[in-house]
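These notes are about the structure you will find just below.
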Amino acid sequence: MDEDAREHDNTNKGALFKNAQKTKDSTPDYRVSITVAGVEHWLSGWVNTSRSGEKTWGCASSRRKAPARTSAATPTTPSISADQP
């Protein structure tokens, strides 16, 4: 098998990771960046408890926005975004 055939295709796939930056109930418990049909999205998940006490998952997806453009004349310092999973 050649090297190209061994590469894993992550299109339409992802893994949810616990959100270490959760600060309030409305912040997702889990997040992942996933590419669907060539478009990047955030997939967020919350662990909920129903009125009957059953554990459930709530989820939401949103299109991942491109980073803001900066002027070439303005020096920038790389930073880690709070949006990163």
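Please identify the pairs in which a residue from segment 55-74 that is on the phi > 0 side of the Ramachandran plot and surrounded by 10 or more Cβ atoms within 10 Å (Cβ to Cβ) has its Cβ atom under 9 Å from the Cβ atom of a residue that is of a type in the set (S, T, Y) and modelled with pLDDT of 65 or more, counting only partners at least 6 apart or on another chain. Qualifying pairs under 9 Å: none. On inspection, G53 qualifies as modelled with pLDDT of 80 or more and either part of a loop (DSSP other than H, G, I, E, B) or among the acidic types (D, E) (or both). Among the residues of segment 4-58, those that are touching a strand residue (DSSP E or B) at 6+ places or on another chain (Cβ under 9 Å) and of a type in the set (K, R) comprise K13, K18, R31, K55. For segment 22-54, filtering for residues that are over 19 Å from K65 (Cα atoms) and out of contact with any Asp or Glu (no Cβ under 7 Å at 6 or more places or on another chain) leaves 12. Looking across segment 15-50, the residues that are of a type in the set (V, I, T) and in a loop (DSSP other than H, G, I, E, B) come down to T23, T27. When residues in segment 31-48 are screened for being buried (at least 16 other Cβ atoms within 10 Å of the Cβ), free of Cβ contacts under 8 Å to residues at least 40 places away in the same chain and not β-branched (V, I, T), 5 of them pass. One residue alone among G38, G45 is modelled with pLDDT under 95 and on the phi > 0 side of the Ramachandran plot, and that residue is G38.
The values are calculated or read from the model by the stated rules, or taken from the named source; none is laboratory data. Predicted, not measured: the structure shown is a model, and the values here were computed from it. Glycine gets a Cβ as well: all are built from the backbone with ideal geometry, and neighbour counts include every protein chain shown.
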